[in-house]
Amino acid sequence: TKQKLWGGRFTGKTDPLMHAFNQSLQYDQRMYAADIKGSIAYAKSLTLVGILNQEEEQKIIQGLHTVEKEWKDGVFKVKEDDEDIHTANERRLSELIGPLGGKLHTGRSRNDQVATDVRLWLLDEVKTAERDLKALICVLVERADNEKDYLLPGYTHLQRGQPIRWSHLLLSYAFSFKNDLDRLSQIAPRIAVLPLGSGALAGNPFVVDREFLAKELGFDSVAENSLWGVADRDFIAEYMMWATLLMTHMSKMAEDLIIYSTAEFGFITLSDAYSTGSSMMPQKKNPDSLELLRGKSGRLFGNMAGFMMTLKGLPSTYNKDLQEDKEPLFDTVDNLSACLRIAEGVISTLEVHGNKMRAALTMDVLATDLADYLVRKGIPFRETHHVSGRAVALAEARQCQINELTLADFKSLHEEFSEDVLAVERRQAIGGPSRKMVERQISKLRHESQA
Ligand code: ARG
């Protein structure tokens, strides 16, 4: 007869709607390998304390390998009463090896099991994210290295500010992503804490060796408090906060590039591979890839914020609300991974129009340098700022660029101006857009993120 794993104390039947409501197998089955890995380690720990003998352990492990293979081959048959990946795997194990399968869960609860599985699963995804993020940093750095000669206006308030290098802009994105890479390595140890052996909430009565389990499963440390061990989901919240912050960087980069790809700016052209057309307006080439990168940042923020609301107000230890951790986490991991790879593709294939960038460099962006020129002659910046502003106004009145003003014009504004006015590329301090400082950034990023 069909029976739920926890069916012993129940007499009434579950409402079918409730059954579907409670079921998480549709989405948590992606953790099947982590669940089986955890069970294999747990079986070994049960042998070490004499609950299983060697032969039983081997049978269980072989059975678990078969279950894993069924999932991998796509032939695992889900039964109606399977509630989640943990009950499904255990049910199948017992079908394969008989009542012995029922010994595996001795001293273990789905509470410490699920917390272990999610951490194991996420640790794998951290490695993938790290690899994808490094690849993105790498293409930004490579482009920056190859395109140091393109100058364009740097903008504040989206108004032309001062001349910068295209490379300098690309590297500014890379530095944000480099910080994200560092942050990821800082949160990883808090994911790699083993809950298994915390039981339902009050620890493991058979005194399994938790240090052994941690080592078997590749965790850095063991959850020191069982109440905390079964309930902590901060590692999920933190991962989503991390992803959200990364996506705000992504969104900023996407927004810049969308603006620069308009006909009005024309600084870059997106490759066809990352653009789409309009079903109505034949002339259009839309930057959908960049718009989705920008749009997904809102979605990932929502996943994080929604889950924080789930956590808020929970009492201690396990509550079924915690099952709501998985869908936002999985969605975040999937979309983040897609975003990182799309961004890498967009950046590595876009076309740069140096002439358009150059043309946007009207001479008014040199107004700060003009002010600095007089500073070098000993005049206070507050005064030189004013003089330079008057030069901009004069050029505007004459409908010319400030470099087209004559020396006499300059002298009429301040007697300290002489022939050498308008020599630029002085920004040699660390962090600036000079060629030398851009090269310094490239070598720092290459060195520190193996990009
Ligand atoms: N599917 C559940 C989850 O994801 C597993 C834990 C169930 N534990 C329990 N006591 N009902 O949270």
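The values are calculated or read from the model by the stated rules, or taken from the named source; none is laboratory data. Source: prediction; values computed, not measured. When we count neighbours, we look across all protein chains shown, and the Cβ atoms used for this are built from the backbone with ideal geometry, even at glycine.
One table, with the values for the structure above:
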read-out: So Ile379, is it under 30 Å from Ser251 (Cα atoms), of a type in the set (Val, Ile, Thr), more than 16 Å from the ligand (Cβ to nearest atom) and in contact (Cβ under 8 Å) with a residue 12 or more places away in the chain; value: no
read-out: Test: residue in region 308-317 that is on the phi > 0 side of the Ramachandran plot and either within 16 Å of the ligand (Cβ to nearest atom) or touching a strand residue (DSSP E or B) at 6+ places or on another chain (Cβ under 8 Å) (or both); value: yes
read-out: Filter result for Ser94 (of a type in the set (S, T, N, Q), surrounded by 15 or more Cβ atoms within 10 Å (Cβ to Cβ), over 37 Å from the mean Cα position of the chain (by Cα) and closer than 26 Å to Arg210 by Cα); value: yes
read-out: In region 77-101, the residues that are out of contact with any Phe, Trp or Tyr (no Cβ under 7 Å at 6 or more places or on another chain), within 14 Å of the ligand (Cβ to nearest atom) and of a type in the set (A, V, I, L, M); value: Ala88
read-out: First in region 318-336 and more than 19 Å from Lys127 (Cα to Cα) and assigned to a helix (DSSP H, G or I), second anywhere and acidic (Asp, Glu) and near the ligand (Cβ under 8 Å from one of its atoms), Cβ under 9 Å, 6 or more apart; value: Gln323/Asp28; Gln323/Asp84
read-out: Residue among Gly38, Gly12, Gly7, Gly50 that alone is within 16 Å of the ligand (Cβ to nearest atom) and either crowded, with 18+ Cβ neighbours inside 10 Å or over 16 Å from Asp84 (Cβ atoms) (or both); value: Gly38
read-out: Subset of region 270-289 [modelled with pLDDT of 90 or more, more than 16 Å from Met253 (Cα to Cα), out of contact with any helix residue (DSSP H, G or I) (no Cβ under 7 Å at 6 or more places or on another chain) and not polar (S, T, N, Q)]; value: Asp272
read-out: Residue among Leu350, Leu336 that is among the aliphatic types (A, V, I, L, M) and more than 19 Å from the chain's Cα centre (by Cα); value: Leu350
read-out: All helices (runs of 4 or more DSSP H) inside region 380-451 with 1 or more residues being more than 29 Å from Ser172 (Cβ to Cβ); value: 381-398, 407-413
read-out: When residues of region 274-297 are limited to those that are surrounded by 12 or more Cβ atoms within 10 Å (Cβ to Cβ) and without any contact (Cβ under 8 Å) to a residue 12 or more places away in the chain, the one farthest from Gly229 (Cα to Cα); value: Gly277
read-out: Scan of region 15-32 for residues that are within 16 Å of the ligand (Cβ to nearest atom) and hydrophobic (A, V, I, L, M, F, W, C), ordered by number; value: Met18, Ala20, Phe21, Leu25, Met31
read-out: Helices (runs of 4 or more DSSP H) (entirely within region 154-269) containing at least 3 residues that are surrounded by fewer than 18 Cβ atoms within 10 Å (Cβ to Cβ); value: 166-191, 210-217, 234-260
read-out: Members of region 322-351 that are of a type in the set (A, V, I, L, M) and crowded, with 17+ Cβ neighbours inside 10 Å; value: Leu322, Leu329, Val333, Leu336, Leu340, Ile342, Ala343, Val346, Ile347, Leu350
read-out: Test: residue in region 172-194 that is under 28 Å from the mean Cα position of the chain (by Cα) and acidic (Asp, Glu); value: yes
read-out: Residue count for region 102-120, restricted to those that are away from the ligand (no atom under 11 Å from the Cβ) and surrounded by fewer than 22 Cβ atoms within 10 Å (Cβ to Cβ); value: 5
